[in-house]
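See below for the structure under consideration.
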Amino acid sequence: MPDPLSRAVSTSVFQWDASVPAIVTHVVSDMAQYGIFLAVLVVGLGALWASRGAPRDRVVDTVLRLIPGVVAVAVALAAAHFIGQALPESRPFVVLGQQPLFAHAADASFPSDHVSGGMAMLAARVGRGTKAATVVIVALVGAARVLAGIHWVDDIIGAAVIGLAIAWAVSTAWSAVFAGRLNARTA
């Protein structure tokens, strides 16, 4: 059963008809489907920007900054898959009998892979500004996926909590394992 907020807005928000300007549907659809790549780009560039030293050292430093984020994303996506299998929730377009803004499988809605993986990227060792920009982009992706009729609001909130918890766990483990060796390099 969808959350109360999703139920309240479902009759007005989840309907995309000819009265909605095409530019709006394109922006929402593109952000919902491809916005996560913008977040990946921001994190990658943030890691590169934060690295220092000679060109070869910068490459190594950038990779070391990204590894915890990559590990966290892999764990978050696996967790989202298993949670979706254990707690299957029908997607809004299935429950409401409406066409989603773009084609999508009628698989489990909870939690959002895009948002759980996006928030898990915060385990990467990048600056606060990069992390803040990533959170904003991932939040926009989540909102667009709700507007597109692909997810309920609680799918997005739950996925954000899962992603953040995994980012924290991986980041903490990374710091504990590599304290003193790599942290001086990627602090």
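The values are calculated or read from the model by the stated rules, or taken from the named source; none is laboratory data. What you are looking at is a predicted structure, and each value in this text was computed from that prediction instead of being measured. Virtual Cβ from ideal backbone geometry, glycine too; neighbours counted across all protein chains shown.
Close contacts from the stretch 59-83, counting a first residue that is without any contact (Cβ under 8 Å) to a residue 40 or more places away in the chain and a second that is surrounded by 20 or more Cβ atoms within 10 Å (Cβ to Cβ) and among the hydroxyl-bearing types (Ser, Thr, Tyr), with Cβ to Cβ under 6 Å and a gap of 6+ residues or different chains, come to THR62/SER51. Of everything listed in (1) assigned to a helix (DSSP H, G or I); (2) under 21 Å from PRO68 (Cβ atoms); (3) touching a residue at least 40 places away in the same chain (Cβ under 8 Å), the single unmet condition for THR172 is (3).
Apart from one condition, GLY118 fits all of (1) without any contact (Cβ under 8 Å) to a residue 24 or more places away in the chain; (2) in a helix (DSSP H, G or I); the exception is (1).
Residue-wise test of (1) farther than 18 Å from LEU140 by Cα; (2) in a helix (DSSP H, G or I); (3) of a type outside the set (A, V, I, L, M, F, W, C).
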site	(1), (2), (3)
GLY35	no, yes, yes
ALA39	no, yes, no
VAL60	yes, yes, no
GLY84	yes, yes, yes
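Looking only at residues of the stretch 17-37 that are aliphatic (A, V, I, L, M) and surrounded by 16 or more Cβ atoms within 10 Å (Cβ to Cβ), we find that the one that is farthest from HIS104 (Cα to Cα) is ILE36. Whether any residue in the stretch 90-99 is touching a helix residue (DSSP H, G or I) at 6+ places or on another chain (Cβ under 7 Å), modelled with pLDDT under 90 and surrounded by 15 or more Cβ atoms within 10 Å (Cβ to Cβ) is what I want to check. The answer is yes; a qualifying residue exists.
Within the stretch 83-108, the set of residues being within 20 Å of the chain's Cα centre (by Cα) and of a type in the set (A, V, I, L, M, F, W, C) comprises ILE83, LEU87, LEU101, PHE102, ALA103, ALA105, ALA106, ALA108. The criterion of being touching a residue at least 12 places away in the same chain (Cβ under 8 Å), outside any helix (DSSP H, G or I) and out of contact with any Cys (no Cβ under 8 Å at 6 or more places or on another chain) holds for PHE102. Tell me whether the stretch 177-187 contains one or more residues that are within 22 Å of ALA39 (Cβ to Cβ), within 14 Å of the chain's Cα centre (by Cα) and in a helix (DSSP H, G or I). There is no residue in the stretch 177-187 that is within 22 Å of ALA39 (Cβ to Cβ), within 14 Å of the chain's Cα centre (by Cα) and in a helix (DSSP H, G or I).
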